[in-house]
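Worksheet for the structure shown next.
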Amino acid sequence: QAQLVESGGGSVQAGGSLRLACAVSGGYTQINYCMGWFRRAPGKEREGVAFIAVDYRTGYVASVRGRFTISKDNAKNILFLQMNSLKPDDTAMYYCAVASGWRWECDEWKRYNIWGQGTQVTISS
């Protein structure tokens, strides 16, 4: 079973940037399953933000497309989320996750079954 630990969250002003990282342990196989970033803002449902598949195909929720970039370093077992042009609406707890056992159809958010503890991102006006 994989374990995930997020880092890189913090408080920045609107228009700023942050890079989140997710250290994945549990073997090299895990990093080759579907990987994703999610977020949950106060009073809102958990939202899938971005995914990256075994073939490095990526997808994004419309609200972050063009501003966020998901990537991974298989050799170091690290998942990244580069966040630029941040907005107050991006304020949320951000979680990385693995759809363990799945390599395809990574946009099926309900398949993600291993989660990190989360890192807080706060964007001020």
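Using θ = phi - 60° and the Karplus curve 6.51 cos²θ - 1.76 cosθ + 1.60, what whole-Hz ³J(HN,Hα) does each residue of segment 31-45 get, with Gly and Pro shown as x?
Each residue of segment 31-45 in turn: 5, 9, 7, 4, 10, x, 10, 10, 8, 9, 8, x, x, 10, 6 Hz.
Can you give me the pair-distance distribution of the chain, C-alpha pairs, 10 Å bins, whole percents?
Bin by bin from 0 Å, the calculated values are 14, 50, 30, 6, 0.
Percent of Cα-Cα pairs more than 21 Å apart in segment 58-123, please. Don't skip to the answer; put the middle values down first.
Working: 598 of 2145 pairs.
That tail contains 28 percent of the Cα-Cα pairs.
What number do you get for segment 5-70 when its Cα radius of gyration is normalised by 2.2 N^0.38 Å, N = residues? Please list the in-between numbers first.
Numbers: Rg = 13.2 Å, N = 66, 2.2 N^0.38 = 10.8 Å.
Dividing the Cα radius of gyration by 2.2 N^0.38 Å gives 1.22.
Each value in this text was obtained by applying a stated rule to the coordinates, not by laboratory testing. This structure is a prediction, so every number in the text was calculated from the model and none was measured.
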